[in-house]
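Since every read-out is calculated from the coordinates, none of them should be taken as a lab result. Given the structure is predicted, the values throughout are model-derived calculations rather than measurements. Here Cβ is always computed from backbone atoms with ideal geometry, including for glycine, and neighbour counts include all displayed protein chains.
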């Protein structure tokens, strides 16, 4: 009798659940950012460019008439990130241009220790005399995007994107992709004075 009860219990258990167990798929955080709207910056610098209205603050450092170097911070508080720009006048010395290019490229190369990949995209706009490169630094690095632009004669601008968070590539990737578009917009809209 007990044996029949165990068999009956086993049959009921086997056929009582009609569906197979399916594990819950991994969930990913969905981050929706507003469509970018750009406005022309008017910072009193030897160049202008367009910035996203999502940028909450644009700080300028060393903005004086006799200064040949400027620092500009474009802060995105909702994304917890900042694009740091540094402008340097080349002057009449082409050695300055070589040094500035070397420094900008070395800054990107310092990330090779942690980076998985660093694809570099050259940028050129002959009509506006803007030449440069954009580097996307993939991996758990401090700065996921860097760039520089120049007119090869008078102006040199370099920039880096940083987040106020521990570098975790998967976590910051949506925000990094969004801000990389803003960086490319800066490169595409820069006008030298």
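Report Rg(Cα)/(2.2 N^0.38 Å) for the range 39-192, keeping two decimals.
Ratio of Cα Rg to 2.2 N^0.38 Å: 1.01.
Quote the FRET efficiency, to the nearest 0.05, computed for residue 40 versus residue 68 with a Förster distance R0 of 30 Å and r equal to the Cβ-Cβ distance.
0.80
May I ask you to sort 32, 182, 151 by Cβ crowding, counting other Cβ atoms within 10 Å and putting the fewest first?
Starting with the residue having the fewest Cβ neighbours, the order is 32, 151, 182.
Starting with the fewest neighbours, write out 102, 128 ranked by other beta-carbon atoms found within 10 Å of each beta-carbon.
Final ranking by Cβ density, sparse to dense: 102, 128.
Between residue 170 and residue 6, take the C-beta separation as r, use R0 = 41 Å, and let me know the FRET efficiency to the nearest 0.05.
0.25
Between residue 99 and residue 48, what's the calculated FRET efficiency when r is the beta-carbon distance and R0 is 35 Å? Round to 0.05.
In this case the efficiency is close to 0.90.
Cβ neighbours within 10 Å, averaged per peptide: list 68-76, 112-120 in order, most packed at the top.
68-76, 112-120
What's the exposure ranking of 51, 56, going from fewest to most Cβ atoms within 10 Å?
Ordered from fewest to most neighbouring Cβ atoms within 10 Å, 51, 56 come out as 56, 51.
How high is the relative contact order of the range 39-192, given as a whole-number percent (alpha carbon pairs under 8 Å, six or more residues apart)?
Value for the range 39-192: 24 percent.
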